[in-house]
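Notes to accompany the following structure.
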Amino acid sequence: MHERRGETAEQTADESARRIEAVGAETRAMAARYEALFTDLRAAVRAHAVTAADPAAAAAAANLVAGRAAQALHSAFPRQRAMACRTGCAMCCHLQVHVPPQSAFLIARHITEHFDAGQRAALMRRLEAAVATLNAAADPSQVRQPCALLGPDNACMVYAVRPLSCRAFTSVSAERCRTAIFETTSGSGAVEQDPGHFRFFAEATIALLDAAEATGRPGDQADLCVALLAILNDPDLERRWQQAGMADR
Ligand code: SF4
């Protein structure tokens, strides 16, 4: 506070309180604007998903909007903690992944368009094995197995269209990931997340689920491997999913 000569202690106390109240009001307004970043993103992604030509387009829009928001957050807010995530580190790819239906259709389309026959046959074998392991588990969330989409180089084979939950997950400590994922049953819940980054992808996920429900389509999240196996084994599944929503229009 600036020195104010000739001011009584009462006046100084009043001025101090006035300034604190002003900063408090500005902070509350800024917090409301920050919160609106997330709620507005959810509404925007939902609107895109409701009007999207197909589920893959809806998921691609969700990936784009949430991804760009997360990038902006990292560049606009300085002094964030450095992430430990690196290419070739795939510890989180040993956890169970859930996806909204639109994301599963997008990834399945990417596989159909980009994998050759050999890659696709090998993937189907890995998906079948992964689903069998999940089905045999008392608690699938505690299964630790490499994702069926993890390549031999420990890189995601569908990186460009990877699930929102995979995009959301970050860590500031590889050691923390190792112990949480491989030495405990708490899994990803024990790895501290970047709250803003994580929330953009969580909001986008909710938006896709809301959009599915709003258009009368099945909107539950499913295990990634279970969903992909079902879609890749039934090329008509996407049309039927779309049709479920069209029936109500
Ligand atoms: S989809 Fe890709 S990023 Fe996600 S768990 Fe599987 S391999 Fe990892």
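Descriptive notes on the structure:
- Within the set Arg125, Arg109, the sole residue that is open to solvent by 40 Å² or more (accessible area, probe 1.4 Å), part of a helix (DSSP H, G or I) and out of contact with any Asp or Glu (no Cβ under 9 Å at 6 or more places or on another chain) turns out to be Arg125.
- If you go through segment 68-100 and keep only what is touching a Leu at 6+ places or on another chain (Cβ under 9 Å) and closer than 30 Å to Ile231 by Cβ, you end up with Ala69, Ala90, Cys93, His94, Gln96, Val97, His98, Val99, Pro100.
- All positions within segment 53-66 that are more than 14 Å from the chain's Cα centre (by Cα) and open to solvent by 30 Å² or more (accessible area, probe 1.4 Å): Ala53, Asp54, Ala57
- Counted residues, segment 142-161 - those being free of Cβ contacts under 8 Å to residues at least 60 places away in the same chain, within 14 Å of the ligand (Cβ to nearest atom) and of a type outside the set (A, V, I, L, M): 6
- Ala17 vs. criteria in a helix (DSSP H, G or I) and touching a Gly at 6+ places or on another chain (Cβ under 9 Å): no
- Qualifying positions in segment 195-249 - under 25 Å from Phe115 (Cα atoms) and either open to solvent by less than 30 Å² (accessible area, probe 1.4 Å) or small (Gly, Ala, Ser) (or both): Ala222, Asp223, Leu224, Cys225, Ala227, Leu228, Leu229, Ala230, Ile231, Leu232, Trp241
- Cys85, sole failed condition from (1) more than 11 Å from the ligand (Cβ to nearest atom); (2) in contact with a Phe, Trp or Tyr (Cβ under 9 Å, 6 or more places away or on another chain); (3) outside any helix (DSSP H, G or I): (1)
- Subset of segment 214-239 that is under 19 Å from the mean Cα position of the chain (by Cα) and modelled with pLDDT of 95 or more - its residue that is nearest to Gln142 (Cα to Cα): Asp223
- Considering only residues in segment 162-179 that are farther than 14 Å from Ala108 by Cα and assigned to a loop (DSSP other than H, G, I, E, B), the one that is nearest to the ligand (Cβ to nearest atom) turns out to be Phe169.
- Matching option when the condition is more than 28 Å from Ala69 (Cβ to Cβ) and part of a helix (DSSP H, G or I), among Leu229, Leu208: Leu229
The values are calculated or read from the model by the stated rules, or taken from the named source; none is laboratory data. Values in this document were obtained by computation on a predicted structure and should not be read as measured data. No Cβ is skipped: glycine too gets one built from the backbone with ideal geometry, and neighbour counts run over all protein chains shown. To get the accessible areas, we keep the full protein, side chains included, count just its heavy atoms, and leave off ligands, DNA and RNA. Shrake-Rupley method; radii C 1.70, N 1.55, O 1.52, S 1.80 Å.
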